[in-house]
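See below for the structure under consideration.
The values are calculated or read from the model by the stated rules, or taken from the named source; none is laboratory data. The structure presented is a predicted model; accordingly, all values stated were derived computationally and were not measured. For neighbour counting, all protein chains shown are included, and Cβ atoms are generated from backbone atoms with ideal geometry for every residue, glycine included. Surface accessibility is based on the protein's heavy atoms, side chains included, excluding ligands, DNA and RNA. Shrake-Rupley method; radii C 1.70, N 1.55, O 1.52, S 1.80 Å.
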Amino acid sequence: MHFITESNRKTWLLWSVSCVLGLVLLDETVVGIALPTIQKDFGLDDNDAHWVVNAYLLTFACFVAVGGKLADVFGTLRVFLVGLTVFTAFSIACGFAPSGSALILFRALQGMGAAIIFPLFLAMITMTFPKEVRGAALATSGAVGTTFLALGPLVGGLFTDFISWRWIFWINPFVALAVGVIVTMTWRDVKRPPAGKIDWIGLALLAAGMFSAIFALMEADSLGWNSLLIWALISLGLLLLTLFSWFETTVETPLIEVDLFKEPVFAGSALTIFLAQYAKMPVFVFVALYAQTDLKLSAFLAGLVVMIGPAVQPATAALCGRLADRTPKRQMVLFGLASIFIGYVWLVLTAPLNSVVWIAPGLLFVGLSFPFLFTPTRAAISEALPEHKHGQGGGIAMSSQMIGGTLGLAASSAAFAVGGYELVFGVTALIIALVFVHAFFAFRGK
């Protein structure tokens, strides 16, 4: 490719790895729109249908912390291409899935590929661009990612209504192939300190604990909240996660350095990122379902409804970028939390009216808030830690984000089974209020 030269190599690398972020974010929004059609085609109940989304999120959350460490051991480009290949192969497999069970399995394996490549896009940008232009590079990457995110509902609706829902997965290989070729041509490795050992025991404890707790929440409605198995799994999950927290304090190279949470700003930032991803699930899954069941809209029109929120994010992300250096992070975070709280309270009050006009303002409040929750908190994490711990801080931020997504869908599924859409939105609003109180004190002076 003669159009790639040494002078523009970094620009090509930036745009290609930014598309990786875009693919991951696209998956957050595109599958939710197609979910009712997938559910109908495979004869899935509501709970099994939600596993189509959460199988991906769960493996993503469990393995994202190890992606960067694998790159330290085996090489950044090699691990990136392996992860991209896994993600692509199982995207294709999802499109060919012959049953709901097969689709859920392939989605879980697709999530493992995403977990490998997601932390590496950020690491590759950080290693390629010097500090004086790194902020602009990250802003460009964020703009690409939010554009994919905003287009997800529209793309999902178009494919589902006019071609086939299977194309929401088959579109990934075309982007991934172009990304793989360009990254291979433009990546230049840098010298790094010798890699530490991978904390496989910590990874096993985290994965087993997460799976036990999430499985219990997802299956509680079908098995019953009085089921001994459900409470045994919840107890086992909490025990394993407690053991994980303790074990991480005893090893030299932990998967997650839990002592970092003693710093209030770091803990507040991680919790806010967790909450932001949690709060995405009711919009991208349950509003999409609400639009097709209660509002009786087609998948395409439902995609347009869900798009009301994400459509404003590129603009608010740009605004956040301009405000970041001159506005206290505390003000930005509290504004974002207040906005998303108002949005979810609005949805609680207007969902029974079954009107797009009435729910639209709530979706706008929710949508505009996300950049105010992600942008200042990621910057605060970097400022709260010494430079040699920025990698660990970034890994924890990504883990918090993905755990928020998988727990958000599990908790929302449980709430939906008990009280419908209003309870889903109401529980989310309550959790936002609690995080607001925590952030009010955690970010004092920031």
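Here are the numbers for the structure shown:
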| quantity | calculated |
| --- | --- |
| Residue within the range 140-163 that is at pLDDT below 90 and under 30 Å from residue 243 (Cα atoms) present | no |
| Complete set of residues in the range 325-353 that are of a type outside the set (A, V, I, L, M) and under 25 Å from the mean Cα position of the chain (by Cα) | 329, 330, 331, 335, 336, 339, 341, 343, 344, 346 |
| Which listed residue, of 137, 123, 178, is among the small types (Gly, Ala, Ser) and touching a Leu at 6+ places or on another chain (Cβ under 9 Å) | 137 |
| One residue from 404, 393, 426, 420 being in a helix (DSSP H, G or I), under 28 Å from residue 294 (Cβ atoms) and open to solvent by less than 10 Å² (accessible area, probe 1.4 Å) | 404 |
| In the range 160-185, the residues that are over 25 Å from residue 17 (Cα atoms), touching a residue at least 40 places away in the same chain (Cβ under 8 Å) and open to solvent by less than 70 Å² (accessible area, probe 1.4 Å) | 160, 161, 165 |
| Residue 18, sole failed condition from (1) over 26 Å from residue 408 (Cβ atoms); (2) part of a helix (DSSP H, G or I); (3) modelled with pLDDT under 90 | (1) |
| Residue list for the range 251-274, filter: more than 16 Å from residue 435 (Cα to Cα) and open to solvent by 60 Å² or more (accessible area, probe 1.4 Å) | 252, 259, 262, 263 |
| Unmet criterion (only one of (1) touching a helix residue (DSSP H, G or I) at 6+ places or on another chain (Cβ under 7 Å); (2) in a helix (DSSP H, G or I)) for residue 255 | (2) |
| One residue from 363, 334, 349 being open to solvent by less than 10 Å² (accessible area, probe 1.4 Å) and part of a helix (DSSP H, G or I) | 363 |
| Failed item, numbered, when residue 225 is tested on (1) under 26 Å from residue 45 (Cβ atoms); (2) open to solvent by less than 70 Å² (accessible area, probe 1.4 Å); (3) part of a loop (DSSP other than H, G, I, E, B) | (2) |
| Selected residue (only one of 117, 168, 125 is in contact with a Gly (Cβ under 9 Å, 6 or more places away or on another chain), assigned to a helix (DSSP H, G or I) and farther than 17 Å from residue 29 by Cα) | 117 |
| Subset of the range 287-319 [part of a helix (DSSP H, G or I) and small (Gly, Ala, Ser)] | 288, 291, 299, 302, 303, 311, 315, 317, 318 |
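Table: residues versus (1) aromatic (Phe, Trp, Tyr); (2) open to solvent by less than 30 Å² (accessible area, probe 1.4 Å); (3) touching a residue at least 60 places away in the same chain (Cβ under 8 Å); (4) under 28 Å from residue 142 (Cα atoms).
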residue: 24; (1), (2), (3), (4): no, yes, yes, yes
residue: 29; (1), (2), (3), (4): no, yes, yes, yes
residue: 33; (1), (2), (3), (4): no, yes, yes, yes
residue: 40; (1), (2), (3), (4): no, no, no, no
residue: 46; (1), (2), (3), (4): no, no, yes, no
residue: 50; (1), (2), (3), (4): no, yes, yes, yes
residue: 53; (1), (2), (3), (4): no, yes, yes, yes
residue: 58; (1), (2), (3), (4): no, yes, yes, yes
residue: 63; (1), (2), (3), (4): yes, no, yes, yes
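Rundown of residues vs (1) under 30 Å from residue 362 (Cβ atoms); (2) under 19 Å from the mean Cα position of the chain (by Cα); (3) touching a residue at least 40 places away in the same chain (Cβ under 8 Å), yes/no style:
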| residue | (1), (2), (3) |
| --- | --- |
| 199 | no, no, yes |
| 215 | no, yes, no |
| 235 | no, no, no |
| 247 | no, no, yes |
| 264 | no, no, yes |
| 281 | yes, yes, yes |
| 290 | yes, no, yes |
